[in-house]
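Comments concern the structure below.
The values are calculated or read from the model by the stated rules, or taken from the named source; none is laboratory data. What you see is a predicted model, and the numbers here were worked out from it, not measured in a lab. Heads up, the Cβs are rebuilt from the backbone with ideal geometry, glycines too, and the neighbour counts pull from every protein chain shown.
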Ligand SMILES: NC(=O)c1ccc[n+]([C@@H]2O[C@H](COP(=O)([O-])OP(=O)(O)OC[C@H]3O[C@@H](n4cnc5c(N)ncnc54)[C@H](OP(=O)(O)O)[C@@H]3O)[C@@H](O)[C@H]2O)c1
């Protein structure tokens, strides 16, 4: 099947989140919608997509508070799961391609790394809700790109890098877990890569910056006063997979996360 170019008329949902802001730069001529278009409102979504008749819809919205999802299960499933039924049906009916972002947390972390065709098995509500979103898309349309990504940091949202910088200035030592491994990903790089993925074949993609680390390794690259601890010593409401390492077997890799972090740290105050 030949690659297609569905970039003529682009609608970005969740355009004011961390990734959404960077998508605005990558797709400058797109129509940007934020909270004004509630993705759980089936009628409003159908109307917006039918009226605009886009060639590509990118959904960057989501309920992304992993611990919050444990307390607000219904909201998590409504935003991350059920909304993808009406978004994908509207895309199918208008012939638009849909790009959806999913997560490394659809996997349980019992393997050292996960390919696109590995069978998901989430261990927290956030992961379950993101997996439901994937399934709803696959059941309702064919021309989709599901981009699973991980450990996002970007200029326009709360993220691990900013948390480390703040804690580092507030306390003598910051404790960070050394037994959860993944791939940090810069939202500006992911947004730019989304342009390529839009023009690639339908399917699931694993897109992250290159290189594996623990949260502790990641923290050490940001601040000096960090000490390792175990997950058992730092319990959280939602269980996290020990290895949520996404392997990309389909497209050219992005640059190493350490390089991306350097760019972020240089640009964050500009
Ligand atoms: N952050 C990560 O580490 C990570 C990792 C893997 C995958 N992902 C996925 O990547 C995507 C982007 O993540 P992100 O970190 O950029 O998220 P984010 O900063 O939390 O942005 C999500 C946006 O969605 C909006 N939103 C929430 N509920 C909505 C609704 N019902 N209708 C319309 N908009 C709604 C939020 O608005 P409010 O701010 O007003 O709530 C926010 O602007 C998400 O699909 C996420 O699941 C993220």
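Tabulated values for the structure
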item	result
Out of 3, 42, sole residue that is at pLDDT 95 or above, over 19 Å from residue 150 (Cβ atoms) and more than 18 Å from the chain's Cα centre (by Cα)	42
Some residue of region 12-26 being surrounded by 16 or more Cβ atoms within 10 Å (Cβ to Cβ), more than 11 Å from the ligand (Cβ to nearest atom), over 23 Å from residue 189 (Cβ atoms) and modelled with pLDDT of 95 or more	no
Residue check for residue 82: under 22 Å from the mean Cα position of the chain (by Cα), surrounded by fewer than 23 Cβ atoms within 10 Å (Cβ to Cβ), touching a residue at least 40 places away in the same chain (Cβ under 8 Å) and part of a helix (DSSP H, G or I)	yes
Lone qualifier among 167, 131 - being under 17 Å from residue 63 (Cα atoms) and either within 21 Å of the chain's Cα centre (by Cα) or not in a loop (DSSP other than H, G, I, E, B) (or both)	131
Residue check, residue 36 touching a residue at least 12 places away in the same chain (Cβ under 8 Å), within 13 Å of the ligand (Cβ to nearest atom) and more than 23 Å from residue 190 (Cβ to Cβ)	no
Members of region 170-188 that are part of a strand (DSSP E or B) and within 14 Å of the chain's Cα centre (by Cα)	182, 185, 186
One residue from 267, 259 being modelled with pLDDT of 95 or more and over 23 Å from residue 109 (Cβ atoms)	259
Yes/no for residue 155 being in a loop (DSSP other than H, G, I, E, B), more than 8 Å from the ligand (Cβ to nearest atom), touching a strand residue (DSSP E or B) at 6+ places or on another chain (Cβ under 7 Å) and touching a residue at least 12 places away in the same chain (Cβ under 8 Å)	no
Single residue of 99, 87, 45 found to be in contact (Cβ under 8 Å) with a residue 12 or more places away in the chain and near the ligand (Cβ under 10 Å from one of its atoms)	45
